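The values are calculated or read from the model by the stated rules, or taken from the named source; none is laboratory data. Because the structure is predicted, anything quoted here is derived from the model rather than measured. Because the Cβ atoms are built from the backbone with ideal geometry, glycine has one as well, and the counts that use them run over all protein chains shown. Each accessible area value is taken on the protein alone, full model and side chains, heavy atoms only, with ligands, DNA and RNA left out. Shrake-Rupley method; radii C 1.70, N 1.55, O 1.52, S 1.80 Å.
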Amino acid sequence: MKHYMKLIAILAVLFTMLTLNACQTGMPTEGETKPAFVNPHSIETGDCLVHTLENEVCATCGWEYQVSEGLEIGVDTYSGQYLVLGRGECTDTQIYLPTTHDGNTVMGVAIGAFTGDETLTHVVIPEGMTVIGDSAFSRCNRLVSVELPSTVQTLNRALFEGCFRLTDIVLPEGITSIPDSLFSGCSSLKSITIPSTVTNLHGWAFKKCLRLTEITIPEGVTEIGNGAFEGCRDLTTLHLPKTLTTLSGTTFKDCESLTDVHYSGNIAQWCSVRIDFQDASPTMLAENFYVEGARIEGDITLPEGITAIGSFTLAGLRNVTSVTVPASVASIGDNAFKDCEKLAYLVLQGSTHAGSNPFPNTAVKHIYLTDTREDALSYIAYWAGACKSAGAEFHYGDAWEYDENGVPQLKEE
């Protein structure tokens with residue numbers, strides 16, 4: 001009996017300790033539901049699960065924004081402005097930057113101020129600050145979230161490079177550029193909204209953001225730089241603007257999960273996009289390519305008015321079976337139709353010059369030219385050999401005609 005009573009007493013103590021621990025850590029007790037506050041601008045701290053700041057006061061618990069003490073603040077050598085120069089003697093893991101210091105307005109964060117900081121987990125940059133220097137938070141390997149003010153209009157290169165735990169950040173509307181390596185190596189970043197004001201997206205901006213699944217490039221962006229999305233292995237859906245003119249280098253290299261590409265312009269606009277290399281061609285990777293909401297597949301006729309088909313622009317379209325190229329097209333770039341696995345028929349309605357091999361790894365068996373053999377030979381001689389070696393047959397204007405369905409047919413002899 002004594003042993004039994006002793007066991008009961010021990011169990012009672014353990015139960016009390018567990019209950020207290022649950023209360024102290026904020027864990028809900030039985031029958032109690034702790035509200036989950038979801039806000040990208042919120043910081044995990046204090047008695048709240050998170051603080052939701054409104055005018056520097058938490059709307060949930062009334063906590064007031066408290067500036068971190070001990071930060072190194074002074075006149076920046078390069079800009080001559082008062083900036084946060086580094087951690088200084090501050091030991092906080094969650095840092096709240098000040099707007100003033102010794103009567104001076106603090107304008108932002110200096111170049112490399114927190115580079116390689118191994119204790120920083122959260123940072124709030126208050127409204128009014130306008131400057132964040134290059135690499136200011138690069139390689140902060142414990143940084144989880146950042147709050148940026150609307151007053152910051154320019155982000156600088158490598159700002160969050162290598163912050164592999166970063167999950168939450170909202171880019172301020174008004175910035176016009178996504179600089180080099182901005183989020184390179186941020187492998188925990190699952191989503192990002194690029195502001196509508198952005199017009200330039202530079203190299204390696206999202207390189208190896210392994211968990212990004214969908215990205216929308218806003219209208220106004222003209223060029224996506226070399227390696228911008230290289231190694232984004234979970235990226236499945238890509239939205240491209242009709243303002244796009246250039247895709248460079250290894251833009252989409254190793255984006256092995258890409259399945260759907262949506263282009264807001266028309267097919268004529270897409271054909272004029274300059275694609276430097278096959279790793280910059282999203283159609284080489286994606287299963288589905290949509291133009292103005294319609295999937296490009298089957299028999300397609302390019303509209304009159306197109307003057308050129310660029311290298312790699314129609315490459316990798318696995319479900320296209322035939323293409324009719326209008327007389328307005330004067331040139332077809334190298335690899336323009338590379339890896340179009342089902343492309344069997346090609347109709348060239350004009351005197352179209354082409355690169356040395358516009359059709360590698362395709363199923364093209366018949367190429368119809370509206371010119372007679374004698375005229376056609378003057379401009380196809382330097383690419384016909386590559387097509388013929390791949391098994392393609394050439395049919396000239398005096399050897400074929402369209403049937404009642406608009407399909408080219410060889411004339412009966």
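Checking the stated criteria, HIS101 turns out to be open to solvent by 40 Å² or more (accessible area, probe 1.4 Å), modelled with pLDDT under 95 and not hydroxyl-bearing (Ser, Thr, Tyr).
Say whether the condition of being within 36 Å of the chain's Cα centre (by Cα), aliphatic (A, V, I, L, M) and closer than 26 Å to PHE289 by Cα is met by at least one residue in the stretch 366-375. There is no residue in the stretch 366-375 that is within 36 Å of the chain's Cα centre (by Cα), aliphatic (A, V, I, L, M) and closer than 26 Å to PHE289 by Cα. Test of understanding: among ALA392, ALA315, which residue is closer than 24 Å to ASP276 by Cα and free of Cβ contacts under 8 Å to residues at least 60 places away in the same chain? So the residue among ALA392, ALA315 that is closer than 24 Å to ASP276 by Cα and free of Cβ contacts under 8 Å to residues at least 60 places away in the same chain is ALA315.
Scanning the stretch 292-305 for residues that are more than 17 Å from PRO358 (Cα to Cα) and either under 25 Å from the mean Cα position of the chain (by Cα) or assigned to a loop (DSSP other than H, G, I, E, B) (or both) returns GLU292, GLY293, ALA294, ARG295, ILE296, GLU297, PRO303, GLU304, GLY305. Only residues that are among the polar types (S, T, N, Q) and at pLDDT below 95 were counted across the stretch 235-249, and they come to 1.
Scanning the stretch 306-345 for residues that are open to solvent by less than 40 Å² (accessible area, probe 1.4 Å) and more than 27 Å from the chain's Cα centre (by Cα) yields ILE306, ALA308, SER322, VAL323, THR324, VAL325, PRO326, SER328, VAL329, ILE332, LEU343, ALA344.
If only residues of the stretch 357-400 that are open to solvent by 20 Å² or more (accessible area, probe 1.4 Å) and among the hydroxyl-bearing types (Ser, Thr, Tyr) are counted, the one that is nearest to SER328 (Cα to Cα) is THR370. Residue pairs whose Cβ atoms lie under 8 Å apart, separated by 6 or more positions or on different chains, with the first residue in the stretch 81-101 and without any contact (Cβ under 8 Å) to a residue 40 or more places away in the chain and within 17 Å of MET129 (Cα to Cα) and the second open to solvent by 60 Å² or more (accessible area, probe 1.4 Å) and aromatic (Phe, Trp, Tyr), are HIS101/TYR82.
Quick grid of which residues meet (1) open to solvent by 10 Å² or more (accessible area, probe 1.4 Å); (2) of a type in the set (A, V, I, L, M); (3) without any contact (Cβ under 8 Å) to a residue 60 or more places away in the chain; (4) closer than 20 Å to LEU143 by Cβ:
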| position | (1), (2), (3), (4) |
| --- | --- |
| LEU159 | no, yes, yes, yes |
| ARG165 | yes, no, yes, yes |
| ILE169 | yes, yes, no, yes |
| SER187 | yes, no, yes, yes |
| ILE194 | yes, yes, yes, no |
| GLU214 | yes, no, yes, no |
| THR245 | yes, no, yes, no |
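Evaluate the following for ILE95: is it more than 24 Å from the chain's Cα centre (by Cα), outside any loop (DSSP other than H, G, I, E, B), under 21 Å from GLY162 (Cα atoms) and not polar (S, T, N, Q)? In short, yes.
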